[in-house]
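Since the structure comes first, as structure tokens, the remarks are kept for the end.
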Amino acid sequence: MSNGMNSPSRNRPRKVAIVLFNLGGPDSLAAVRPFLMNLFKDPAILRVPFFIRPFLARVIARARVKPATENYALLGGASPLLELTRRQAMALSAALPEIEAQSFIAMRYWHPFSRAAARAVRAWNPDHVLLLPLYPQFSTTTTGSSLTAWREAAAQVGLVTPVTTLCCWHTDAGYLASIAAPVRTTYERARAEQGVGAKLRVLFSAHGLPEAIVNAGDPYQAQIEETVAGVVAALGIPELDHVICYQSRATPQQWLQPSTEAEIARAGRDGAAVVVVPIAFVSDHSETLVELDVEYAALARKDGVSGYYRVPAPNDDPAFIAALADIARRALARGPGLCSGAGGRVCGEPHGACPFARAAIAAEQAV
């Protein structure tokens, strides 16, 4: 595809395919089990020897299929993630009028998979491809896994167009402002309802990760902390009582602490109301609409929490889409190759799983 026919014309906008990575979700109750199998068969998720992984994936999926099916039944029998991502994709394309942009969706564990997205991109015949993960913070379990799947799919369908790969954008000022605005609105509502002297604590709840993955060099936890620091700074609330916590533990390993459940219980003991911010999620799905809105809200009532308020996910909020469009513009301006929202590498030396670190190692080995 990298021939003269693909060269941008002076008389038309640059033709850019923006590939949005996301997790995916079952589109029916019958799809819950295969969705879970796809998730746990991923070597980026279940880090055990390859000959054990299929067996262990079946065991974990079997244990989780009943509660997961019940959760998706509460959502009408399917995940809303694909429809919300489609809305984000359409809004993002419209927010880039200076180029001929079309957004494509590549889900990791359920349709549309990367191969279908790669075929669609190839058929559209763009001048350039931008890989834009809908994960602000990089993790080998999310963006890293999606990049592996995309590269395999692109090779299989013969897609060879120049590519810009965005690895993370967790400290982008526009993104931070788009998160801070609804946090402030929800916080002010909680303050008004709870009273001036009431204790009010903000729980920044991120999806959890096994500690072993972080200890192996994954930058996710550090980037979550940087995002939260940026949001807190943008809020500008003096002496804000806040904490980072982690939800959605999926395996028996030790996961990042403290858990969101533990922090809800602590708020109950402290007599504090809570404002829960789904900090690592840019779209609503079962972890926000069921885990936070139903399960954790019930837990808060049980633990005597005086008030439970959940900040909405960005979804297709105009401020968030505008921030995403600016992130895309800056990434495209850097040209083909790997970049972060800040330009170059943003992770320190301990984070050897950073894609910049891995690219440097691969370059050294190639010499």
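The values are calculated or read from the model by the stated rules, or taken from the named source; none is laboratory data. Because the structure is predicted, anything quoted here is derived from the model rather than measured. Note that we place each Cβ from the backbone using ideal geometry, even for glycine, and neighbour counts take in every protein chain shown.
If a residue must be in a loop (DSSP other than H, G, I, E, B) and in contact with a strand residue (DSSP E or B) (Cβ under 6 Å, 6 or more places away or on another chain), how many such residues does region 95-124 contain? Steps first, answer last, please.
Filtering region 95-124 down to residues in a loop (DSSP other than H, G, I, E, B) leaves 95-99, 108-112.
Pick out the ones that are also in contact with a strand residue (DSSP E or B) (Cβ under 6 Å, 6 or more places away or on another chain) and you get 99, 112.
Number of matching residues: 2.
Here's the yes/no breakdown for (1) modelled with pLDDT of 95 or more; (2) within 18 Å of the chain's Cα centre (by Cα):
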position: Thr164; (1), (2): yes, no
position: Asp172; (1), (2): yes, yes
position: Tyr175; (1), (2): yes, yes
position: Ala181; (1), (2): yes, no
position: Arg184; (1), (2): yes, no
position: Ala192; (1), (2): yes, no
position: Gly197; (1), (2): no, no
position: Arg201; (1), (2): yes, no
position: Glu211; (1), (2): yes, no
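How do the pairs read when you match residues in region 62-84 that are without any contact (Cβ under 8 Å) to a residue 24 or more places away in the chain and closer than 20 Å to Pro112 by Cα with residues anywhere that are of a type in the set (Phe, Trp, Tyr) and loosely packed, with under 13 Cβ neighbours inside 10 Å, using Cβ under 6 Å and keeping only pairs 6 or more apart or on different chains?
Note: no pairs meet the criteria.
May I ask you to list the residues in region 191-207 that are surrounded by 21 or more Cβ atoms within 10 Å (Cβ to Cβ) and either of a type outside the set (Ser, Thr, Tyr) or without any contact (Cβ under 8 Å) to a residue 24 or more places away in the chain (or both)?
Those that are surrounded by 21 or more Cβ atoms within 10 Å (Cβ to Cβ) and either of a type outside the set (Ser, Thr, Tyr) or without any contact (Cβ under 8 Å) to a residue 24 or more places away in the chain (or both): Leu200, Val202, Leu203, Phe204, Ala206, His207.
Is there any pair with a first residue in region 292-304 that is in contact (Cβ under 8 Å) with a residue 12 or more places away in the chain and part of a helix (DSSP H, G or I) and a second that is surrounded by fewer than 16 Cβ atoms within 10 Å (Cβ to Cβ) and not charged (D, E, K, R) whose Cβ atoms are under 9 Å apart and which are 6 or more apart or on different chains, and what are they?
Note: pairs meeting the criteria are Val294/Leu74.
Among the residues of region 125-171, what is the count of those that are part of a helix (DSSP H, G or I) and either among the charged types (D, E, K, R) or not assigned by TED's automatic domain parsing to the domain that holds Asp326 (or both)? Even if it seems obvious, please write down each step before you answer.
Applying the first criterion (part of a helix (DSSP H, G or I)) to region 125-171 yields 143-157.
Subsequent filtering for residues that are either among the charged types (D, E, K, R) or not assigned by TED's automatic domain parsing to the domain that holds Asp326 (or both) retains 151-152.
Final tally of qualifying residues: 2.
Determine which member of the set Ala153, Ala149 is touching a helix residue (DSSP H, G or I) at 6+ places or on another chain (Cβ under 6 Å), aliphatic (A, V, I, L, M), over 18 Å from Leu338 (Cα atoms) and surrounded by fewer than 23 Cβ atoms within 10 Å (Cβ to Cβ).
Residue meeting the stated conditions: Ala153.
Does Ala325 meet the test of being in contact with a Phe, Trp or Tyr (Cβ under 7 Å, 6 or more places away or on another chain) and buried (at least 18 other Cβ atoms within 10 Å of the Cβ)?
In short, no.
Taking the stated definitions as given, is Ala216 in contact (Cβ under 8 Å) with a residue 12 or more places away in the chain, out of contact with any strand residue (DSSP E or B) (no Cβ under 7 Å at 6 or more places or on another chain) and either crowded, with 20+ Cβ neighbours inside 10 Å or hydrophobic (A, V, I, L, M, F, W, C) (or both)?
Yes; evaluated as a whole, the condition is true for this residue.
All but one of (1) outside any loop (DSSP other than H, G, I, E, B); (2) without any contact (Cβ under 8 Å) to a residue 24 or more places away in the chain; (3) closer than 24 Å to Ile60 by Cα hold for Pro252; which doesn't?
(1)
Read through the list (1) surrounded by fewer than 16 Cβ atoms within 10 Å (Cβ to Cβ); (2) in the same structural domain as Tyr246 (by TED's automatic domain parsing), then give the number of the only condition that Pro336 fails.
For Pro336, the failing item is (2).
For region 219-249, what are the residues that are in a loop (DSSP other than H, G, I, E, B) and either surrounded by fewer than 16 Cβ atoms within 10 Å (Cβ to Cβ) or not hydroxyl-bearing (Ser, Thr, Tyr) (or both)?
Answer for region 219-249, where residues must be in a loop (DSSP other than H, G, I, E, B) and either surrounded by fewer than 16 Cβ atoms within 10 Å (Cβ to Cβ) or not hydroxyl-bearing (Ser, Thr, Tyr) (or both): Pro219, Gly236, Ile237, Pro238, Glu239, Leu240, Asp241, Arg249.
Among the residues of region 172-189, is there at least one that is in a loop (DSSP other than H, G, I, E, B), touching a helix residue (DSSP H, G or I) at 6+ places or on another chain (Cβ under 9 Å) and over 30 Å from Asp270 (Cβ atoms)?
Yes, there is a match, as at least one residue in region 172-189 is in a loop (DSSP other than H, G, I, E, B), touching a helix residue (DSSP H, G or I) at 6+ places or on another chain (Cβ under 9 Å) and over 30 Å from Asp270 (Cβ atoms).
Could you tell me which numbered condition Arg330 fails, if it satisfies all but one of (1) in contact with a strand residue (DSSP E or B) (Cβ under 6 Å, 6 or more places away or on another chain); (2) assigned to a helix (DSSP H, G or I)?
That leaves (1) as the condition not met.
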